[in-house]
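Report on the structure given below.
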Amino acid sequence: MKRGRPRQIALFAAIGSIAIAACGDGGASEENDAAVPDAAIPADAGATPDSPAADAGSDAGVDTGPVCTDLDGGTPIPLETDPVFVKGPYLMYTSQTSVVVMWETPEAAGSTVEYGPTEALGSSVAGTEKGPEAGDEGTVHELSVTGLLPGAEYFYRAGDATAWSAVHRFRTAAPQATPFRFAALADTQSHPEVHSRLIPLIAAWGPSFVVHAGDEIGDGSSAAGWQTEFFDVIRPLAHRIPYFVAVGNHEKDHDLFYRFVSYPTEQESYYTFTWGDVFFVAIDSNKYIFGTLDPQHAWIDEQLKTPEAKAAKWRVAAFHEPAYSESWGGCTFEGNPAIRSALIPLLEQSGINLIINGHTHEYERGYLNGVYHVITGGGGGGLETDWCTDWPHITVQKPVHHFLAVEAGCEALTVRAIDIDGIEFDFFEIPAQGQKDPKD
């Protein structure tokens, strides 16, 4: 059996200093592998350098493009308690020039987002509501704020004259040559008491956003489950940073999933986004059942040929069911065969560097044909106990609750696996513009 060898470094030993307070601010710096909050820095880790082309060298007048400067540690995100609404306000799809703000009220109410570069706000947009619908008495509000600047910080509040949220802040997607951090996890279902322990650790990492590879809750048809297992848990973090979610099998392709998310494609369960030098594609593994004949297959092929994908230093795919898995209760699953036979060759040919999966409740890491495969299914669900299949390319397997702490720097994408006690137990790097063989 393959197991990760823990690096005995308490990465987030000072997590207790990040207070869960109403709209509080805080900050930190990171030295080597230890993220220890020690300084108040209001902007998050995705901050744009003050002068992206500050050092153009001696060739005056020659456009050398943006200059990249690596992050000097991360900036923890203050966890903000804002219970005004049933859900949110929470952030969904975010680009360099826009952000989607959503929230839920118990009854029909006006939909307005006020926003601006300072806490004085100054601009506003009014929008639409989703609901109420059968089985859920609430009204979901969804507003897109557009015309924003890349990599810029804004303040906002949501609601109407009857009830306003507190004033929160967000940052638009980073432009090229801007390093940033993100977090990734999956399978947070059924155990909010576990999921909630990961939230302060994620906040301490200082991510610009969270990628969730599916199975947010145990029963996607349960409005109560969405509340207690997901939205109540992510509330203090989702005020500040967006969630990019890939649908899992436990969502059951239910209407509630589509009601609570917002992504810029007609079906919303698969989409792309770009942040800094990284191109992301979220794929619906539930619908990917016909291999190369699947309509989603052609769409993925098209997206990975776009200028945005080709210009990226790294390309990341996130979807729920993995192509390969070594562990599953009862040993009845060793990976999705349709994904393995049809999707993986497409992703390999298209230059995908990293695949983020869930489904099996554990951590696995492998490297095959130039692509890193990572299962990060330790977000809260009961852990796997059976080791079943020995895939030769999978070199690390560890049944532990955890999340991925990822940093896209100037020349390397670094991935750390952090357990529920804040201990790093796996680490690897993906160089820009190419791959290297993993060293275990």
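The values are calculated or read from the model by the stated rules, or taken from the named source; none is laboratory data. Note that the structure is a prediction, hence the values are computed from the model and not measured. Reconstructed Cβ throughout: ideal geometry from the backbone, glycine too, with neighbour counts over all protein chains shown.
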Can you name every residue in the stretch 232-291 that is among the hydroxyl-bearing types (Ser, Thr, Tyr) and out of contact with any Ser or Thr (no Cβ under 6 Å at 6 or more places or on another chain)? Tyr243, Tyr258, Ser262, Tyr263, Thr265, Ser269, Tyr270, Thr272, Thr274, Ser285, Tyr288
Are any residues in the stretch 98-112 among the charged types (D, E, K, R) and either within 16 Å of Phe260 (Cβ to Cβ) or in contact (Cβ under 8 Å) with a residue 40 or more places away in the chain (or both), and if so, which ones? Glu104
Flag for Thr376 being hydroxyl-bearing (Ser, Thr, Tyr) and surrounded by fewer than 22 Cβ atoms within 10 Å (Cβ to Cβ): no
Cβ-Cβ under 6 Å pairs, at least 6 apart or on other chains, the stretch 265-285 side over 19 Å from Ala323 (Cα atoms) and outside the structural domain of Lys313 (by TED's automatic domain parsing), far side of a type outside the set (Ser, Thr, Tyr) and not in a strand (DSSP E or B): none
The stretch 273-323, residues that are in contact with an Asp or Glu (Cβ under 9 Å, 6 or more places away or on another chain), crowded, with 23+ Cβ neighbours inside 10 Å and more than 17 Å from Glu348 (Cβ to Cβ): Lys313, His320
Asp219 within 20 Å of Asp284 (Cα to Cα), modelled with pLDDT of 95 or more and either surrounded by fewer than 24 Cβ atoms within 10 Å (Cβ to Cβ) or of a type outside the set (Val, Ile, Thr) (or both): yes
Tally up the residues in the stretch 135-158 that are in contact with a Gly (Cβ under 9 Å, 6 or more places away or on another chain), surrounded by fewer than 21 Cβ atoms within 10 Å (Cβ to Cβ) and over 22 Å from Gln96 (Cβ atoms), please. 2
Across the stretch 201-242, what is the total count of residues that are within 19 Å of Ile418 (Cα to Cα) and hydroxyl-bearing (Ser, Thr, Tyr)? 1
Return yes when Asn357 is surrounded by 22 or more Cβ atoms within 10 Å (Cβ to Cβ), of a type in the set (S, T, N, Q) and at pLDDT 95 or above and no when it is not. yes
Residues located in the stretch 324-354, provided they are surrounded by 15 or more Cβ atoms within 10 Å (Cβ to Cβ) and of a type in the set (Ser, Thr, Tyr): Tyr324, Ser325, Ser327, Ser350
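Over 25 Å from the mean Cα position of the chain (by Cα) and either farther than 21 Å from Gly276 by Cα or among the acidic types (Asp, Glu) (or both), is that true of Gly138?
Working: over 25 Å from the mean Cα position of the chain (by Cα): yes; either farther than 21 Å from Gly276 by Cα or among the acidic types (Asp, Glu) (or both): yes.
Yes: the conditions hold for Gly138.
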Tell me, please, whether a residue that is over 26 Å from Glu424 (Cβ atoms) and either in the same structural domain as Gln296 (by TED's automatic domain parsing) or at pLDDT 95 or above (or both) can be found in the stretch 238-247. yes
Note on the stretch 274-317: residues of a type in the set (Ser, Thr, Tyr) and within 18 Å of the chain's Cα centre (by Cα) are Thr274, Ser285
Condition (residue is in contact with a Pro (Cβ under 6 Å, 6 or more places away or on another chain) and under 30 Å from Pro179 (Cβ atoms)) applied to the stretch 380-397: is it met by at least one residue? no
When only residues in the stretch 72-93 that are within 24 Å of Cys410 (Cα to Cα) and among the small types (Gly, Ala, Ser) count, which is surrounded by the fewest Cβ atoms within 10 Å (Cβ to Cβ)? Gly73
Go through the stretch 72-103 residue by residue and tally those that are more than 15 Å from Phe182 (Cα to Cα) and in a strand (DSSP E or B). 11
Output the number of residues of the stretch 401-413 satisfying the condition of being assigned to a strand (DSSP E or B) and farther than 16 Å from Arg315 by Cβ. 5
Determine the pairs where a residue that is modelled with pLDDT under 95, located within the stretch 379-403, has a partner that is of a type outside the set (Val, Ile, Thr) and assigned to a strand (DSSP E or B) with Cβ atoms under 7 Å apart, the partner being 6 or more residues away or on another chain. Glu384/Ser327; Asp386/Ser327; Trp387/Ser327; Trp387/Gln397; Cys388/Ser327
